[in-house]
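Here the structure is laid out as structure tokens; the discussion comes afterwards.
The values are calculated or read from the model by the stated rules, or taken from the named source; none is laboratory data. The shown structure was predicted, so the numbers you read here are calculated from the model rather than taken from an experiment. The area values use the complete protein model at the heavy-atom level, side chains included, leaving out ligands, DNA and RNA. Shrake-Rupley method; radii C 1.70, N 1.55, O 1.52, S 1.80 Å.
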Amino acid sequence: MMSMMTRSQNTTRVRIALITVAALTLFLAAAPLAHAAGAPVCSESRPQHCTEMVWVNGVQVTMTFALAPFGATPGATIDPFYVIAPQTDTPQGGPVPFFHDHVVGDAPQQNHGDYNVILHGFLVFCSAQGISSGGCVPTFTSTPQGIIPLAKTVNGQMLTSADPIESPANSGLLVLVDAGALIVGTINPGK
């Protein structure tokens, strides 16, 4: 009985992994959607900038983004801006292009001022290995390009800081998809 249950779980994981690989293949060809997910969705009331919530070291803070096109300054440090599955019942972004949350690695109050506001957007997906091993739990999200496996948790841990994203990405449980977006953002302390 236990062998049949284990075989059934393994078969399900392999099927999910195959679906994930197919979805990633389709999604990697969909640069416009990736670019849209890397940039904040803003209200029309303040056309020069917008604000959205982001996760920083397990805490949600408000980040203000400039809407002007931006190119990287040569030699500038560029920090990652991760787009993940919603971590709570209230997504930080969406519904266009899909419901999602954001994670940045640094904020002025956490790192004593060594903060760079140039951010590079990445979509965070569970890899086929992550899904088949049970190490990564995705939220399968529908997009015009197909269904994508946005990462929700890794090894039972919420993705509300950079470390639980970067280490599993290095070990193959997550896939970071370059959203092709450079954005300028600042943390609004106390918000």
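Annotations for the structure displayed:
- Distant-in-sequence amide contacts of A162, defined by a placed amide H-H separation under 5 Å and a gap of 5 or more residues or a different chain, comprise N57.
- With all protein chains in place and ligands, DNA and RNA left out, the 1.4 Å accessible area ranks M53, M63 as M53, M63, largest first.
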